[in-house]
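Asker: Structure provided below as structure tokens; questions to follow.
The values are calculated or read from the model by the stated rules, or taken from the named source; none is laboratory data. Remember, predicted model here, so these are calculated numbers, not experimental data. A quick note on method: Cβ atoms are made from the backbone with ideal geometry, for glycine too, and the neighbour counts reach across all protein chains shown. Keep in mind that these areas ignore ligands, DNA and RNA; they rest on the heavy atoms of the full protein, side chains included. Shrake-Rupley method; radii C 1.70, N 1.55, O 1.52, S 1.80 Å.
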Amino acid sequence: MIEDILAKSQTAELTFDDMLTLINLTKQSDLDKLYAAAYATKEKHVGKKAYYRGLIEFSNVCVKDCYYCGIRKSSAQERYSMTKDEILEMAIWAYKNNYGSVTIQSGERQDAEYCEFVADIIAEISNATNGKLAMTICLGEQSLAVYQKWFDNGATRYLLRMETTNPALYKKIHPDTPLHSFENRLNCLKVLRQIGYQVGTGVMIGLPGQTPEDMVNDIVFYKQNDVDMIGMGPYVVHKNTPMGQNAPDDTHAQVARFNYGLKMIAITRLHLKDVNIAATTALQALHPLGREMGLKAGANILMPIITLQDYRNKYQLYDNKPCIDDTPEHCKTCLTNRVESVGDVVGFAETGDSVHFLRRKVA
């Protein structure tokens with residue numbers, strides 16, 4: 001039966017029941033078949049190449065109070081915000097080290113000063129790199145005008161994770177306030193597509209109360225919304241959060257979330273085929289070889305941290321975040337070795353645009 005579903009994935013669209021069968025696999029021999037099929041699909045549709053998105057975490061100031069997040073507004077975490085010069089320094093380092101792209105990330109804010117600051121940074125990075133360093137922005141919910149300005153200034157990709165596509169579960173992991181609206185977040189994805197961004201989203205996998213059916217519905221959501229890139233990873237507990245204080249976090253729970261994370265990558269690759277999928281740092285937080293295993297399960301994007309050393313330990317969305325003591329140079333060498341260990345190569349000096357996006361643009 002597993003073989004039939006995997007064979008079907010090459011020529012026809014998987015059904016909800018097909019994907020539910022795959023997400024519920026537990027036998028290692030069946031999982032090996034799933035990951036092998038996903039890796040073959042990756043090779044056929046996007047190639048055996050991993051693209052870097054140098055991650056710049058420029059501020060941990062956030063107006064939101066999400067129950068799972070280590071930098072939520074109510075957190076006692078020491079706050080920081082980098083200067084323009086510091087952010088530009090990291091972007092130029094990425095450019096000179098042949099990273100084709102950076103991801104610019106922070107806590108969520110919508111005030112005018114912040115939005116103008118980001119707009120200026122995007123323009124300065126674009127000018128300093130002659131427009132050759134692609135920028136993925138991961139800065140939450142904004143107005144159409146702000147999204148448009150950032151796009152006009154040189155940002156071409158936007159990652160806005162839903163965290164879950166189940167509205168009821170969304171309400172359980174966020175405070176019940178207008179600032180944490182499922183509907184608004186969903187609308188932002190539609191606005192980003194209208195503007196012309198390569199649009200990315202994603203979810204946390206293994207949330208308390210999340211079911212296998214929820215996970216399959218997440219994949220259905222990706223397909224229905226025609227997303228170009230996906231950044232999803234297993235839920236990793238931050239003990240100093242409302243959700244983290246009550247979430248199971250023994251070895252059994254961690255292994256289950258990790259395995260679901262790999263299965264989600266693989267099934268998403270089989271179902272969507274030509275999108276960009278990240279092997280997230282959260283995988284490595286739960287397993288020393290997590291990102292390598294993510295690549296073997298069908299992922300093709302990696303996000304090495306290039307945040308300046310002085311700030312890394314202040315941007316911890318979850319506990320035991322890996323690589324916070326490493327230098328950008330060490331991360332580059334280490335991650336390149338990890339990529340090559342699974343038989344992939346790094347797409348240095350390549351932007352790694354979503355094949356799905358490029359095909360839709362031509363069509």
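Asker: By the gyration tensor of its Cα atoms, with a ≥ b ≥ c the square roots of the eigenvalues, what is the shape of the stretch 40-184: rounded for a/c under 1.5, prolate for a/b over b/c, or oblate? Write out the running numbers ahead of the final one.
Answerer: Working: a/c = 1.82, a/b = 1.28, b/c = 1.42.
Oblate.
Asker: Grab the DSSP H runs of the chain that are 4 residues or longer, score each as -39,500 (n - 2.57), total them, divide by all residues and round the 222 nm result to the nearest 500 deg cm²/dmol.
Answerer: Numbers: 14 runs with 164 residues, N = 363.
Mean residue ellipticity, 222 nm, calculated: -14000 deg cm²/dmol.
Asker: Could you list which residues have their amide H under 5 Å from that of Ile205, counting only those 5 or more apart in sequence or on another chain, with H placed in the peptide plane?
Answerer: HN-HN under 5 Å from Ile205: Gly233, Tyr235.
Asker: Right, another one. Quick one: pull the percent of accessible area on the chain belonging to carbon and sulfur, 1.4 Å probe, ligands and nucleic acids left out. Provide the component values of the computation, followed by the final result.
Answerer: Working: 7620 of 14490 Å².
Summing carbon and sulfur atoms, their accessible area is 53 percent of the total for the chain.
Asker: Which of the peptides 81-91, 170-180, 35-45 is most tightly packed, and how do the rest follow, judged by the mean count of other Cβ atoms within 10 Å per residue? Before the final figure, lay out the partial values.
Answerer: On the way: 81-91: 17.2, 170-180: 14.9, 35-45: 19.3.
Packing proxy ranking, top to bottom: 35-45, 81-91, 170-180.
Asker: Quickly rank 299-305, 344-350 as a protection proxy: mean count of other C-beta atoms within 10 Å, highest first. Before the final figure, lay out each step's value.
Answerer: Details: 299-305: 26.0, 344-350: 16.7.
My ranking of the peptides, most packed first, is 299-305, 344-350.
Asker: Per 0.36 nm of contour for each residue apart, how much would the distance between Asp111 and Gln148 grow if the chain were fully extended, relative to their Cα-Cα spacing?
Answerer: Working: separation 37, 0.36 × 37 = 13.32 nm, distance 1.58 nm.
Taking Asp111 through Gln148 to full extension adds about 11.7 nm, to one decimal.
Asker: When the solvent-accessible surface of protein heavy atoms is calculated with a 1.4 angstrom probe, in what order do Ser9, Ser341 fall, highest first?
Answerer: Details: Ser9 0, Ser341 80 Å².
Largest to smallest exposure gives the sequence Ser341, Ser9.
Asker: Continuing with the same structure: Which of rounded, prolate or oblate describes the chain when judged by the alpha-carbon gyration tensor and an a/c cut-off of 1.5? All intermediate terms of the calculation are to be shown ahead of the outcome.
Answerer: Values: a/c = 1.40, a/b = 1.23, b/c = 1.13.
Rounded, since a/c falls under 1.5.
Asker: Assuming a ≥ b ≥ c are the square roots of the Cα gyration tensor eigenvalues, decide whether the stretch 175-234 counts as rounded (a/c under 1.5), prolate (otherwise, with a/b larger than b/c) or oblate.
Answerer: On the way: a/c = 2.16, a/b = 1.23, b/c = 1.76.
Oblate.
Asker: Checking the cross-link filter: which lysines have an alpha carbon closer than 27 Å to that of Lys96, excluding same-chain neighbours under 8 positions apart?
Answerer: Lys48, Lys49, Lys84, Lys132, Lys149, Lys314, Lys321, Lys332
Asker: Could you work out the Rg to Rh ratio of the stretch 149-280, with Rh taken as the Kirkwood radius (inverse of the mean 1/r over all Cα pairs)?
Answerer: Working: Rg = 15.2 Å, Rh = 15.6 Å.
Here the Rg-to-Rh quotient is 0.98.
Asker: For the stretch 205-345, what number results from the quotient of the Cα radius of gyration and 2.2 N^0.38 Å? Could you put the intermediate results ahead of the total?
Answerer: Working: Rg = 15.3 Å, N = 141, 2.2 N^0.38 = 14.4 Å.
This ratio for the stretch 205-345 stands at 1.06.
Asker: Could you go through the stretch 315-325 in sequence order and give the Karplus-derived ³J(HN,Hα) for each residue, using 6.51 cos²θ - 1.76 cosθ + 1.60 with θ = phi - 60°, rounded to whole Hz, and x for Gly and Pro?
Answerer: Karplus-based 3J(HN,Hα) across the stretch 315-325 equals 10, 10, 6, 8, 6, 6, 5, x, 6, 6, 9 Hz.
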